[in-house]
Amino acid sequence: MKPNKKTKLNWKLLVILAGVQFAFAALADDGAVTNSAGAAPVEVPAYNADGATANAAEAAEIAALKKAVQALEEKVSTLEKERGTDQQSAEVQELDQKIRVVARQRELDQEAAAAASKTQPRLTIGAGGATFSSADTNFSISLHGLLQVDSRTFPADGGIRGNDTLLLRRARPILQGTVFRDFDFLFVPDFGGNTVQIQDAYLNYRYIPALQLEAGKFKSPVGLEQLQPDAVTSFNERSLATDLVPNRDVGFELHGDLFGGALSYAGGIFDGSPDYNSTTTNSDYDDNKAFAGRVFAQPWKTSGVAWLQGLGFVAGGSYEVDRATATTVGTGLTPGYATDGQQKFFTYATGVFANGTHWRLSPQAYYYYGPFGLLGEYVISDQQVANTAGNSADLRNKAWEISGSWLLTGEDASYNGVTPRHPFDLHNGQWGAWQLVARYAGLDIDSAAFPTFATSSTSASAARAWSVGLNWYLNKNIRANASYSRTTFSGGSTGAVTKQPENAVFTRLQLAF
């Protein structure tokens, strides 16, 4: 191996040091004067002029040599330190290079993982249900559910009362999803009650939020309380006003949200009267279709005025033509109007059928601000009827309701439900959300219905109901309700339901996700 310059310099220094040490030794030998035989030393004169000069010169030379040696030692030490520093610097540079390589490899791994994640499906499970989707979310399917276990108790009030019962009010697995980004679907069977039926089944195309087309079976866009999700209604059962609005129907609907949701609309064509009694296979016995729609305005939803953001106004309505034939007498009319306790207090007489136009009009409004909520609606249902005796009439029935709520625990009230600020947790002293609710509602039957089209002794001409309740939201998924309703009647003095007020106590335990 060829020596470098530093190595050559080190060898030279070593040679010089060896020579210096040899010189020191020689000088030391010259300073000791003895005879070779070990005899007594020869006496030397103390000092003379010439001897003093010689000794001084030697001392100076020795001092100079010592300084030179010291300087050489310092230089050697400095060179050794520099050599060590150079070695350390090389090691640091080598380590730094290795770190850079590892860091770059990590970046490449992260980029590869990110690229792979874009193509991997995703599974999400939480309070909102379970969702399985493609990486780009263009395809997804979600599983939700609704389970409601109720009790109805009718305290005796001086006469015949309803049957106390426990019931599985709703038991619905809910399948919801999206295909090809813009197509949404919903399928909801219901295993509650005494029959299994399909509640909702539709496909919705979202071109943009303001323009969507829905087809299948779903709620007709008229009633405000009727359109509220079943899991978030204030009471176990909807009010008397809901008796006069259409429920679910098969049809096509155009709908959308404008201006960030400040204005919404919905309008469609439906099969017509699917909830009426019918002796035919097809509920739309007269081949006429129903038209229904609504416009919903929240003028201050996107404004900075907080106390007005939750104010909404709605106008809903429907129109259809119902005509019976000789084979469909008795069809096309409601099977009856029910109380809060789901007991019939009005039914049309035998042989009465729809015979002409049927329109509904419903102005509605709600207001939510902080823990306070208020909802109200008014419904007019105008229908032409006839009977087999050849009588006909245009009957206009009316209903209304107003309900209020207050969250004792301070959460924000909403048309779409309540989310507890502190979910129930005994370990941490948390009790969920508590809500007081109250409602007053009424329904009036057109006086022209009696006695030709309804029996005044068994069917009431009017009903009034007030209700109070307490709702406990343990968390976003579990809720417990307790409420009391009292319904009084005008007319129907001999009816099993109407001859005395109905008092009903309700409880519910609900799971929704």
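From the list GLN364, GLN435, GLN430, exactly one residue is within 29 Å of GLN228 (Cα to Cα), in contact with a His (Cβ under 7 Å, 6 or more places away or on another chain) and at pLDDT 95 or above. Which is it? Spell out the reasoning first.
On the way: GLN364 fails: in contact with a His (Cβ under 7 Å, 6 or more places away or on another chain); GLN435 fails: in contact with a His (Cβ under 7 Å, 6 or more places away or on another chain).
When all the criteria are applied, what remains is GLN430.
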Listing of strands (runs of 3 or more DSSP E) fully contained in the range 157-241 that carry 3 or more residues being under 23 Å from VAL418 (Cα atoms): 165-179
Condition met for THR507 (surrounded by 18 or more Cβ atoms within 10 Å (Cβ to Cβ), out of contact with any Asp or Glu (no Cβ under 6 Å at 6 or more places or on another chain) and of a type outside the set (Phe, Trp, Tyr)): no
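Quick check on THR498: is it in a loop (DSSP other than H, G, I, E, B), hydroxyl-bearing (Ser, Thr, Tyr) and surrounded by fewer than 22 Cβ atoms within 10 Å (Cβ to Cβ)? Explain how you work it out, then say what you get.
On the way: in a loop (DSSP other than H, G, I, E, B): yes; hydroxyl-bearing (Ser, Thr, Tyr): yes; surrounded by fewer than 22 Cβ atoms within 10 Å (Cβ to Cβ): no.
No; evaluated as a whole, the condition is false for this residue.
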Long-range neighbours under 7 Å by Cβ, at least six apart or interchain, first residue of a type in the set (Asp, Glu) within the range 176-191, second surrounded by 15 or more Cβ atoms within 10 Å (Cβ to Cβ): ASP182/ARG206; ASP184/THR178; ASP184/ASN204; ASP184/ARG206; ASP190/ARG170; ASP190/ALA171; ASP190/ARG172; ASP190/GLN199
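Among the residues of the range 51-98 satisfying the criterion of being more than 60 Å from the chain's Cα centre (by Cα) and of a type in the set (Val, Ile, Thr), which is modelled with the lowest pLDDT? Steps first, please.
Taking the range 51-98 and keeping what is more than 60 Å from the chain's Cα centre (by Cα), we get 51-87.
Now narrow it down to the ones that are of a type in the set (Val, Ile, Thr): 53, 62, 69, 76, 78, 85.
Values: THR53: 55, ILE62: 78, VAL69: 74, VAL76: 70, THR78: 75, THR85: 63.
Going through the qualifying residues, I end up with THR53.
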Any hit, the range 174-193, residues being closer than 23 Å to THR137 by Cβ and among the small types (Gly, Ala, Ser): yes
Qualifying residue in the range 439-454 (condition: in a strand (DSSP E or B), touching a Pro at 6+ places or on another chain (Cβ under 7 Å) and surrounded by 16 or more Cβ atoms within 10 Å (Cβ to Cβ)): no
Sole exception among (1) at pLDDT 90 or above; (2) of a type in the set (A, V, I, L, M); (3) more than 21 Å from GLY177 (Cβ to Cβ) for LEU146, by number: (3)
Selection from the range 391-435 of residues that are hydrophobic (A, V, I, L, M, F, W, C), over 30 Å from ALA460 (Cβ atoms) and touching a strand residue (DSSP E or B) at 6+ places or on another chain (Cβ under 9 Å): TRP406, LEU407, LEU408, ALA413, VAL418, PHE424, TRP431, ALA433, TRP434
Single condition ARG479 does not satisfy, out of (1) of a type in the set (Lys, Arg); (2) crowded, with 16+ Cβ neighbours inside 10 Å; (3) not in a strand (DSSP E or B): (3)
Of the criteria (1) more than 30 Å from THR488 (Cα to Cα); (2) crowded, with 17+ Cβ neighbours inside 10 Å; (3) not charged (D, E, K, R), which one PHE180 fails: (2)
Lone unmet requirement of (1) out of contact with any strand residue (DSSP E or B) (no Cβ under 9 Å at 6 or more places or on another chain); (2) part of a strand (DSSP E or B) for SER467: (1)
First in the range 298-311 and at pLDDT 95 or above, second anywhere and surrounded by fewer than 16 Cβ atoms within 10 Å (Cβ to Cβ) and among the hydroxyl-bearing types (Ser, Thr, Tyr), Cβ under 7 Å, 6 or more apart: TRP307/TYR369; GLN309/SER303; GLY310/TYR369
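The values are calculated or read from the model by the stated rules, or taken from the named source; none is laboratory data. Treat the numbers as computed from the prediction; the structure is a model and nothing was measured. Backbone-built Cβ (ideal geometry, glycine too); neighbour counts: all protein chains shown.
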